[in-house]
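Everything below concerns the one structure shown next.
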Amino acid sequence: MSARLDFFYSFRSPYSYLAAPRAFALPERFDVDLAFRGVIPMAMRGEAVPRAKRLHTLRDAAREARRLGMPFGRIHDPIGRGALRCLAVSEHAIAAGRAREFVLAAGRAIWSEAVDVSRDDGLQLVCGRAGLRWDECAAAARNEELLARVQANTDELVALGHWGVPVFVFGDELFWGQDRIEDLERTLRAAGLEW
C-alpha cells in the first residue's frame, strides 16, 4: 500500500502552479499516493496581502518559472468565482481520475495564457484540455457538495497551522513552498519509498 502525500493547492497561487508538475510527478518516482487538496485562496479567507508582497511574488514567480522552463506572465487573476469554479471542478476531476490533467491545464491557462476561468468559455477550454466533459464540469462548478469538500480541505490546512500554499504533508511532516519539493524528495527517499 502506497504512503499518502497530501498536496494543498490554490488556483490563485503562482507557487502552486509552479509546484504542480513536479508534485504530480512524485508518484512516478516514489511509492506515494498523491492526494490533491484544493483550498480557497488566502485573499478570499480574509487574509490581507500587502501590495508590495503581491508585486514581489509575481516577480519572484516569473524568475522561478524561467528557471523551471514553465510559461508564465499572461495572467488572469481567478479570485472569486474563477477560483471557486476551478476548485469545484477539481473535485469532479479527482473522481474522474483527471485531477492532474485539470490542475495542470487550469494553472497554465490562468498563469500563462490569461484565460478567464470565471467565464464558461474559459473554463470549458480548460476542461476540454483536461479530457473532461463540459456538461459534467458545468454541473460540478455549481455543486455545493463539492465546494463543501474544498472548505474541508481549507479548514484542514488551517488546522495544520498553515495559511499559504503549496503545502505538502507526509506523515507528521509539513513542507511549505514550491522550493521545498527537494526536501520532500529527500524525506521520501529516506523513508525507503523511491522506486
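Table for the structure above
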quantity: Dipole in debye (nearest 20) - segment 138-180, about Cα centre, beta carbon charges: Lys, Arg +1; Asp, Glu -1; calculated: 180 debye
quantity: Mean accessible surface per residue for the chain, computed with a 1.4 Å probe while every protein chain stays in place, in Å²; calculated: 48 Å²
quantity: Farthest toward positive dipole pole in the chain [+1 Lys/Arg, -1 Asp/Glu at C-beta], among TYR15, ALA138, VAL167; calculated: TYR15
quantity: Segment 37-195: proportion of alpha-carbon pairs further apart than 21 angstrom, %; calculated: 52 percent
quantity: Virtual spin-label span in nm between ALA159 and MET1, 7 Å along Cα→Cβ; calculated: 2.0 nm
quantity: Highest to lowest packing among 101-110, 132-141, scored as the average C-beta count within 10 Å; calculated: 101-110, 132-141
quantity: Order by protection proxy (mean Cβ within 10 Å, highest first), peptides 13-25, 71-83, 142-154; calculated: 13-25, 71-83, 142-154
quantity: Label zone at ARG67 (point 7 Å along Cα-to-Cβ), backbone N below 19 Å, segment 153-195; calculated: 165-168, 175-187
quantity: Cysteines not pairable in the chain (beta carbon separation under 4.7 Å absent); calculated: CYS86
quantity: Shape category assigned to segment 91-163 from the gyration tensor of Cα positions, a/c cut at 1.5; calculated: prolate
quantity: Per-residue ³J(HN,Hα) for segment 58-65, Karplus 6.51 cos²θ - 1.76 cosθ + 1.60, θ = phi - 60°, Hz, x for Gly and Pro; calculated: 5, 5, 5, 5, 4, 4, 5, 4
quantity: Rh by Kirkwood over Cα pairs, then Stokes-Einstein D for segment 1-74 at 1.567 mPa s and 4 °C, µm²/s; calculated: 93 µm²/s
quantity: Cα lying deepest toward the dipole's positive end in the chain, options LEU157, VAL32, ILE75, charges on Cβ; calculated: ILE75
quantity: Value of [θ]222 nm, deg cm²/dmol, for the chain, DSSP H segments ≥ 4, -39500 (n - 2.57) each, nearest 500; calculated: -17500 deg cm²/dmol
quantity: Carbon plus sulfur fraction of accessible area for segment 1-69, probe 1.4 Å, in percent; calculated: 53 percent
quantity: Rel. contact order, % - alpha carbon contacts under 8 angstrom, at least six apart, the chain; calculated: 31 percent
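The values are calculated or read from the model by the stated rules, or taken from the named source; none is laboratory data. Owing to the predicted nature of the structure, the values given are computational and were not obtained by experimental measurement. Here the Cβ is made from the backbone with ideal geometry for all residues, glycine too, and neighbour counts use every protein chain on show. Protein only, heavy atoms only, side chains kept; ligands, DNA and RNA dropped before computing areas. Shrake-Rupley method; radii C 1.70, N 1.55, O 1.52, S 1.80 Å.
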